[in-house]
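Below is one structure, written out as structure tokens; comments come after it.
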Amino acid sequence: RLTTLNLAANTIAAKGAQHIADALRTNTTLTTLDLNNNGIGGEGAQHIADALQTNTTLASLKLRANEIGDEGGQHIADALRTNTTLTTLHLEYNGIGDEGAQHIADALRTNTTLATMNLRYNTIGAEGAQHIADALRTNTALTTIDLNWNRIGAEGAQHIAGALRTNTTLTTLDLVDNQISAEAAEYIADALRRNVSVNMV
């Protein structure tokens, strides 16, 4: 029985994503799906997201470099509100900005199963970081979040630092190359003195 499907770096586009999504609605064996670099766009993300609302076995989904943008981010967020099996989600290189980050953050407030989320190389700024930080105050499932190479800046880092003061489940936080100033780094350092769970920033 097939448990892992890797279709990375093909050209399935939105139409191909629709066919995969149709299969996911009834498939009960697949646990890992890699659709990295397939140009599925926002429309393709919607197909996959719709399937995730009924699929009960998929644990790991990779959608890196698919140009899903904020629209696709919203569709994936909608799925996260109801999906209870996905534990790992990769959304790197997708042009997700503050709007998409807000939708994802809103979903993270209620999602209780997603443990690892990768949002590196998107265009998330201070506003998006604030939404994510707000979600981290209440989310008790996420252990790893990768925000490397975004645009959260000093203000965004301050929001994240505020969340770290109360969050007790996050163990790994990646913030490489985010234009974080020395002052903002001080906020994060101060938060880490109070936080006993984060071991990598």
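The values are calculated or read from the model by the stated rules, or taken from the named source; none is laboratory data. Quick caveat: nothing in here was measured; it's all calculated off a predicted structure. Using ideal geometry, Cβ is built from the backbone for each residue, glycine included, and neighbour counts are taken over all protein chains shown.
Among the numbered criteria (1) closer than 24 Å to Gly41 by Cβ; (2) under 13 Å from the mean Cα position of the chain (by Cα); (3) in a helix (DSSP H, G or I), which single criterion is violated by Tyr121? Answer for Tyr121: the failing condition is (3). Kindly indicate whether Ile124 is under 26 Å from Gly95 (Cα atoms), touching a Lys or Arg at 6+ places or on another chain (Cβ under 9 Å) and aliphatic (A, V, I, L, M). Spelling it out, Ile124 is indeed under 26 Å from Gly95 (Cα atoms), touching a Lys or Arg at 6+ places or on another chain (Cβ under 9 Å) and aliphatic (A, V, I, L, M). Any idea which of Arg137, Arg165 is at pLDDT 95 or above and out of contact with any Asp or Glu (no Cβ under 6 Å at 6 or more places or on another chain)? Within the list Arg137, Arg165, the selection yields Arg137.
Go through Thr87, Thr110 for me and flag whichever is within 25 Å of Thr29 (Cβ to Cβ) and at pLDDT 95 or above.
Numbers: Thr110 fails: within 25 Å of Thr29 (Cβ to Cβ).
Of the residues listed, the single one that is within 25 Å of Thr29 (Cβ to Cβ) and at pLDDT 95 or above is Thr87.
When you look at Asn66, is it touching a Lys or Arg at 6+ places or on another chain (Cβ under 7 Å) and part of a loop (DSSP other than H, G, I, E, B), yes or no? Spell out how you get there, then give the answer.
Numbers: touching a Lys or Arg at 6+ places or on another chain (Cβ under 7 Å): no; part of a loop (DSSP other than H, G, I, E, B): yes.
No: the conditions fail for Asn66.
Out of the residues in the stretch 69-111 that are of a type in the set (S, T, N, Q) and not in a loop (DSSP other than H, G, I, E, B), state the one that is nearest to Ala45 (Cα to Cα). Result: Gln74. Does Asn37 fit the bill of being within 25 Å of Thr171 (Cα to Cα) and in contact (Cβ under 8 Å) with a residue 24 or more places away in the chain? Against the criterion (within 25 Å of Thr171 (Cα to Cα) and in contact (Cβ under 8 Å) with a residue 24 or more places away in the chain), Asn37 does not qualify. Screening Ile145 against (1) touching a strand residue (DSSP E or B) at 6+ places or on another chain (Cβ under 7 Å); (2) assigned to a loop (DSSP other than H, G, I, E, B); (3) of a type in the set (Val, Ile, Thr) leaves a single unmet condition, (2). Any residue that is of a type outside the set (Gly, Ala, Ser), without any contact (Cβ under 8 Å) to a residue 40 or more places away in the chain and surrounded by fewer than 18 Cβ atoms within 10 Å (Cβ to Cβ) - is there at least one of those in the stretch 128-135? Taking every residue of the stretch 128-135 in turn, none turns out to be of a type outside the set (Gly, Ala, Ser), without any contact (Cβ under 8 Å) to a residue 40 or more places away in the chain and surrounded by fewer than 18 Cβ atoms within 10 Å (Cβ to Cβ). Could you please find all residues in the stretch 104-119 being among the hydroxyl-bearing types (Ser, Thr, Tyr) and closer than 9 Å to Leu142 by Cα? Correct list: Thr112, Thr113, Thr116.
Scoring Gly69 on the criteria (1) closer than 25 Å to Gly162 by Cα; (2) out of contact with any strand residue (DSSP E or B) (no Cβ under 8 Å at 6 or more places or on another chain); (3) of a type outside the set (Asp, Glu) leaves a single failure, condition (1).
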